[in-house]
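Okay, structure first, notes after.
The values are calculated or read from the model by the stated rules, or taken from the named source; none is laboratory data. This structure is a prediction, so every number in the text was calculated from the model and none was measured. Cβ: placed from backbone, ideal geometry, glycine included. Neighbour counts: every protein chain shown. Surface accessibility is based on the protein's heavy atoms, side chains included, excluding ligands, DNA and RNA. Shrake-Rupley method; radii C 1.70, N 1.55, O 1.52, S 1.80 Å.
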Amino acid sequence: MQTFSTSRDAKEYLVDRIVSQAQRDGVSLSDVERKMLYFSETAWTLPDMAEVNQEFDSNYDQDEFERKIAGIVRNIQPAPIRDKGEERSWDQAVRVLRSEDHYLLVLIDSAGTVRPRGDFIKLVLTALVIVGALVAAMLFFADHR
C-alpha cells in the first residue's frame with residue numbers, strides 16, 4: 001500500500017489512476033479536462049488553474065464532464081485488483097484529500113464508489129435486524145394458528 005505524505009501526493013496518485021483508466025476505456029480527456037481534476041479553490045492546485053478554470057467554464061459542460069469522470073472512476077473500482085494494496089492506496093488517497101476542499105472529491109463521490117467508514121458494518125447489522133424481525137414474525141404467527 002502506498003502512503004501519501006501530502007494532499008498533493010494523494011491527488012497526483014488519484015489523477016494518475018483516473019487518466020490511466022480513461023486511456024484503457026478509450027475515453028479521451030482534453031488537457032483542460034485533465035487539469036480540472038486538480039482544481040481546488042483553497043488547497044494545492046496547478047499554477048495555471050485560474051486560466052484553465054476560465055476556459056473550462058467557457059467551453060465545457062460541467063454536468064457532462066462530471067458524468068464522464070464518474071464513469072471512468074466507476075471502472076477503476078470494480079476492476080480485478082491483483083494487489084489489494086492498490087485498493088487501499090485509493091482509499092487512503094481519498095481520505096487524505098477529505099481534510100481539504102478538492103473538486104476531485106466531488107467527481108469521485110459522484111461515481112458512488114466511496115463508502116463512509118463503517119458503512120459495511122451498518123449494512124450487515126441492518127440485514128440481521130430485518131432477518132431477526134422476519135423470523136420473530138414467523139414464529140409469532142406460527143404459534144397463533
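At a glance:
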read-out: Given (1) surrounded by fewer than 16 Cβ atoms within 10 Å (Cβ to Cβ); (2) closer than 21 Å to D109 by Cα, index of the condition Y13 fails; value: (1)
read-out: Filter result (closer than 17 Å to S28 by Cβ and either part of a helix (DSSP H, G or I) or among the acidic types (D, E) (or both)) within region 56-67; value: F56, N59, D61, E64, F65, E66, R67
read-out: Hits in region 23-34 (condition: part of a helix (DSSP H, G or I) and open to solvent by less than 70 Å² (accessible area, probe 1.4 Å)); value: D25, V32, E33
read-out: Pairs, first farther than 23 Å from R98 by Cα in region 9-36, second open to solvent by 30 Å² or more (accessible area, probe 1.4 Å) and aromatic (F, W, Y), C-beta under 7 Å, six or more apart; value: V32/Y60
read-out: Selection from region 94-140 of residues that are open to solvent by 70 Å² or more (accessible area, probe 1.4 Å), assigned to a helix (DSSP H, G or I) and modelled with pLDDT under 85; value: F120, I121, K122, L123, L125
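This table checks each residue for (1) open to solvent by 80 Å² or more (accessible area, probe 1.4 Å); (2) of a type in the set (S, T, N, Q); (3) modelled with pLDDT under 95.
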position	(1), (2), (3)
Q21	no, yes, no
E41	yes, no, yes
V52	no, no, no
I69	no, no, no
R82	yes, no, yes
